[in-house]
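Take a look at the structure set out below.
The values are calculated or read from the model by the stated rules, or taken from the named source; none is laboratory data. Since the structure is predicted, the reported quantities are computational estimates derived from the model, not experimental observations. Cβ placement follows ideal geometry from the backbone for every residue including glycine, while neighbour counts extend to all protein chains displayed.
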Amino acid sequence: MNEYDKFLSHKQRVAFELGYKVNDEQINSILFPFQRDVVKWAVSKGRAAIFLDTGLGKTFIQLEWSRLMGKKTLIVAPLSVARQTIREAQKINIDVKYIRSMGGLDNHDIYITNYELIEYFDMDEFGAIVLDESSILKSIAGKTRRLLTDKCINIQYRLCCTATPAPNDYTEIGNHAEFLGVCSTQEMLGQFFINANKEHTYFIDDRAYHKKGSNAAGTEWRLKHHAEEPFFKWLASWAITMIKPSDLGYDDDGFILPDLNIIPMFVNATYTPEDQLFFTNLHGIEDRNKIRRITLQKRLKAAIELLDGTNEQWIIWCGLDEESKALMDAIPTAREVKGSDNPEYKAITFEDFQDGKYNILITKAKIGGYGMNFQNAHNMIFFGMNDSWELYYQAIRREWRYRQENPVFVYLILSELEDAIYKNVMRKDAMAKRLREKLIEHITGYERLELAMENNIYQEYKEETVTGVHFTAMLGDSCKRLKEIGDNTIDLTVYSPPFADLFVYSASERDLGNSKNSSEFFEHYKYIIGELLRVTKPGRISCVHTSDIPAMAQKDGYIGIKDFPGDVIRAHTAAGWIFAGRAFVQKNPQAQAIRTKSKALLFVQLRKDSSDSRPALVDQILIFTKPGENEIPIMPVENGELDNEKWIDWANGIWLGISESDTLQFTTSRSTGDEKHICPLQLGTIERCIKLYSNPGETILTPFMGIGSEAYQAVRFGRKGIGIELKESYFKTAVKNLQIAESTYHQDIFTWNTVDQSTIQAETS
């Protein structure tokens, strides 16, 4: 593997193995085949997430992983789950000790504690860590989550275990990736997601522009169309996701869920807010809680009627302290678990319910709704509801689990005024089901390869070459295909690179714009800069179109401007180019304000607070020269392409009069997976570069051909164009544009006075 191939392998968005191989014989035989395979995979990864639905045995998997890693291991679990994990460990002959601080360490190999106690631990003392019910990462306070991630940064082996997340829950997935050291949440968002708030298309001069929404709090994100498959492939490289064993080709025997019966029960209620003539709708948490208090007695009566005459076990989920108190007063045989109870009491009360020592458990979903195994019961009551689908889902799955032998009955006791809450949760439930099915549909192929240790990380790569009399169009990776061009054969290079990670046009790791950050972008870009230096004739020019880049709060941590042209200059000079100057291309600030919706350019911001206003971002043409003497003088005046008056205008350093809409049409090359509108360089800008820095008949190269603008202008003005493009749909459009240019501007074939077609070693298609 050469240096560039090694770079691409590291650029792949997949997690590599940090652990080691184990075989079936090393794993406890009580585990099912799919559980053993997940254990083997997770041990080989060293850092991984287990997204298995409730009841699929995550506890056994994490315990076996902890044992097999052979390191002092700390399991971090919700308060109510720790003792249950210790009981499960005894079934497979693993000794787990519960500790509350470093003072509890002795000669054990595996310890367990609670999330609330992590500040009392020196994580550097452990070689492995497990986060049980790790979805808690998105619900615990940001400070605690950051503390946990930072404290564990030096732990070699890490495992996260939780139920299956929805594929659009970027917060949960990002938090897991960040904790495991796969990537930061910001890197994940930049790579695979797009801001979905207020997306819309609008038109200026009959051109379509696509705008992203703001990065304000509450931003919704969705997968980029072209990034769906790479995202699922990336996710499968560090997380196993399963709803049932057959998702990954295993037998579902013993893991078929019983019927689930959701039964809403609405009681009559009236309520008129103090500031309204009549009830219109629910407004905020305070309004919701007030209605729950007003309707408490009617809902209590409905609950007592349900429980009357039954000897079966029930869980009653409450949301308010008043609700649990009223239930306890009405049901003397019930037992309650409150947040203020000590950990020992909570654990014993939950265990006694599991062991059938009493029939009715009253608690809140946020206390007993995560991780507990309550399939000993098959009846539950939601004594009121809030809008959280996750709490609703997790609470139901305490009973509706694999190994549940009876149909599960869930009664939702609500007032008629809370119908909107019920409908909202049901809508979220239906959406979550569809999203999970979609996740499984997309990810299973990659996961089967992962579990078989046969994951092929490389994207499909294609090459093709199409030639005309005046052009050569090359499909493929510029870093590779530039090597087919001879040394010192190119007279001028004109191109616009992707602006760091601002423009990502494909899912390929070969796409320069498909970089997780600026450092990776320039590490990739140096291969192209170096090859362009090699193929350019001594003393000749490379014109690079750039612009400053907006810094965004979500991706960069601040709002401002990044000096992308400066970084490009430093990269070129480091590679051996000489920076010779730059030209600024005037832009219309009003058009830019409409196109980007940047508040810094809006009239309203000027009147509100001009400290947040800034000039429009202007294009910059950076001019680089290859060291050495130019053997053939460039004579634009003698060629009739430039005169003194025009030279004064162009030499001004600020290029005026270039129309922003003077570009090649691009609509036919836009594919359904494109997120960004294609940004062809203005033809007037290209014309100035070509006429200033080349003679008719010379060879013009562009390593980022796009739809062919630079090569098109080269052919139009009597030069020979060579273009390389990675994206096939753009390549096909470029070929059409070049054929049009050739037939339009060169009906009579003239003789080239520079290198002939033999300088390109590529095969003609």
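Matching residues to (1) at pLDDT below 95; (2) touching a strand residue (DSSP E or B) at 6+ places or on another chain (Cβ under 6 Å):
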| site | (1), (2) |
| --- | --- |
| PRO33 | yes, no |
| SER44 | yes, no |
| PHE51 | yes, yes |
| GLY57 | yes, no |
| LEU63 | no, no |
| ARG67 | no, no |
| LYS72 | no, no |
| LEU79 | yes, yes |
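Of everything in the range 85-102 that is charged (D, E, K, R) and surrounded by 12 or more Cβ atoms within 10 Å (Cβ to Cβ), the residue that is farthest from TRP65 (Cα to Cα) is ARG100.
Taking every residue in the range 668-691 that is closer than 16 Å to TYR712 by Cα and pairing it with any residue that is modelled with pLDDT of 95 or more and among the basic types (Lys, Arg), at least 6 positions away or on another chain, the pairs with Cβ-Cβ distances below 7 Å are ILE690/ARG719.
Would you point out the residue of the range 103-119, among those that are in contact with a helix residue (DSSP H, G or I) (Cβ under 7 Å, 6 or more places away or on another chain) and part of a helix (DSSP H, G or I), that is surrounded by the fewest Cβ atoms within 10 Å (Cβ to Cβ)? Across the range 103-119, the extreme among qualifying residues is GLU119. Any residue that is of a type in the set (Ser, Thr, Tyr), part of a helix (DSSP H, G or I) and farther than 20 Å from ILE86 by Cα - is there at least one of those in the range 324-336? Yes - at least one qualifying residue is present in the range 324-336.
When the range 337-356 is filtered for residues that are without any contact (Cβ under 8 Å) to a residue 40 or more places away in the chain and assigned to a loop (DSSP other than H, G, I, E, B), the ones remaining, listed by number, are LYS338, GLY339, SER340, ASP341, ASN342, ASP355.
Residues in the range 384-399 that are outside any loop (DSSP other than H, G, I, E, B) and either aromatic (Phe, Trp, Tyr) or under 26 Å from the mean Cα position of the chain (by Cα) (or both): how many?
The first filter runs over the range 384-399 and keeps only residues outside any loop (DSSP other than H, G, I, E, B), leaving 389-396.
Subsequent filtering for residues that are either aromatic (Phe, Trp, Tyr) or under 26 Å from the mean Cα position of the chain (by Cα) (or both) retains 389-394.
Total meeting the criteria: 6.
For (1) in the same structural domain as GLN186 (by TED's automatic domain parsing); (2) part of a helix (DSSP H, G or I); (3) touching a residue at least 60 places away in the same chain (Cβ under 8 Å), each residue gets a yes or a no:
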position	(1), (2), (3)
SER515	no, no, yes
GLU523	no, yes, yes
LEU533	no, yes, yes
GLY539	no, no, yes
SER542	no, no, yes
TYR558	no, no, no
ILE561	no, no, no
GLY566	no, yes, no
HIS572	no, yes, no
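Which one is surrounded by the most Cβ atoms within 10 Å (Cβ to Cβ), of the residues in the range 396-430 that are within 29 Å of ASP251 (Cβ to Cβ) and of a type in the set (A, V, I, L, M, F, W, C)? In this case the residue turns out to be TRP400. The listed residues are LYS212, LYS244, and the only one of them that is modelled with pLDDT of 85 or more, surrounded by 17 or more Cβ atoms within 10 Å (Cβ to Cβ) and at negative phi turns out to be LYS244.
Of all the numbered requirements in (1) modelled with pLDDT under 90; (2) out of contact with any Pro (no Cβ under 9 Å at 6 or more places or on another chain); (3) surrounded by fewer than 18 Cβ atoms within 10 Å (Cβ to Cβ), LEU435 misses one, and that requirement is (2). Residues of the range 170-201 that are at pLDDT below 70 and surrounded by fewer than 18 Cβ atoms within 10 Å (Cβ to Cβ): ALA196, ASN197, LYS198, GLU199, HIS200, THR201. In summary, ALA330 fulfils each of the numbered conditions (1) crowded, with 17+ Cβ neighbours inside 10 Å; (2) touching a helix residue (DSSP H, G or I) at 6+ places or on another chain (Cβ under 8 Å); (3) not basic (Lys, Arg) with the single exception of condition (1). Taken over the range 95-113, the criterion of being in contact (Cβ under 8 Å) with a residue 40 or more places away in the chain and not β-branched (Val, Ile, Thr) is satisfied by ASP109 alone. Test PHE382 against the criterion of being in contact with a Gly (Cβ under 8 Å, 6 or more places away or on another chain) and not aliphatic (A, V, I, L, M), and give yes or no. Against the criterion (in contact with a Gly (Cβ under 8 Å, 6 or more places away or on another chain) and not aliphatic (A, V, I, L, M)), PHE382 does not qualify. Filtering the range 639-681 to residues that are modelled with pLDDT of 90 or more and in a loop (DSSP other than H, G, I, E, B) leaves GLY640, GLU641, LEU642, ASP643. A Cβ distance below 6 Å, combined with a sequence gap of six or more or placement on separate chains, defines the contacts here; from the range 416-438, residues that are under 22 Å from LYS244 (Cα atoms) reach residues that are hydroxyl-bearing (Ser, Thr, Tyr) in the pairs ARG436/THR164. Note on the range 380-395: among residues that are in contact (Cβ under 8 Å) with a residue 60 or more places away in the chain and among the polar types (S, T, N, Q), the one that is surrounded by the fewest Cβ atoms within 10 Å (Cβ to Cβ) is ASN386. Scanning for something farther than 28 Å from PHE584 by Cα, assigned to a loop (DSSP other than H, G, I, E, B) and modelled with pLDDT of 90 or more, does the range 488-508 turn up at least one residue? Yes, the conditions are met somewhere in the range 488-508. Within the set ALA593, ALA580, the sole residue that is modelled with pLDDT of 70 or more and among the small types (Gly, Ala, Ser) turns out to be ALA580. All told, ALA377 falls short of being of a type in the set (Gly, Ala, Ser), in contact (Cβ under 8 Å) with a residue 40 or more places away in the chain and not in a loop (DSSP other than H, G, I, E, B). If we scan the range 313-326, do we find a residue that is more than 26 Å from GLY57 (Cβ to Cβ), surrounded by fewer than 18 Cβ atoms within 10 Å (Cβ to Cβ) and in contact with a Ser or Thr (Cβ under 9 Å, 6 or more places away or on another chain)? Within the range 313-326 (the criterion being more than 26 Å from GLY57 (Cβ to Cβ), surrounded by fewer than 18 Cβ atoms within 10 Å (Cβ to Cβ) and in contact with a Ser or Thr (Cβ under 9 Å, 6 or more places away or on another chain)), the answer is no, since none of the residues qualifies.
Against the definition (over 18 Å from TYR370 (Cα atoms), in contact with a strand residue (DSSP E or B) (Cβ under 9 Å, 6 or more places away or on another chain) and not assigned by TED's automatic domain parsing to the domain that holds MET188), how does LEU18 come out, yes or no? Yes; evaluated as a whole, the condition is true for this residue.
Of all residues in the range 250-283, which are modelled with pLDDT of 75 or more, exposed (fewer than 12 other Cβ atoms within 10 Å of the Cβ) and in a loop (DSSP other than H, G, I, E, B)? First the steps, then the outcome.
We begin by selecting, within the range 250-283, every residue modelled with pLDDT of 75 or more; these are 250-269.
From what is left, the residues that are exposed (fewer than 12 other Cβ atoms within 10 Å of the Cβ) are 251, 253-254, 256, 259, 263, 268.
Listed by number, the residues that qualify are ASP251, ASP253, GLY254, ILE256, ASP259, ASN268.
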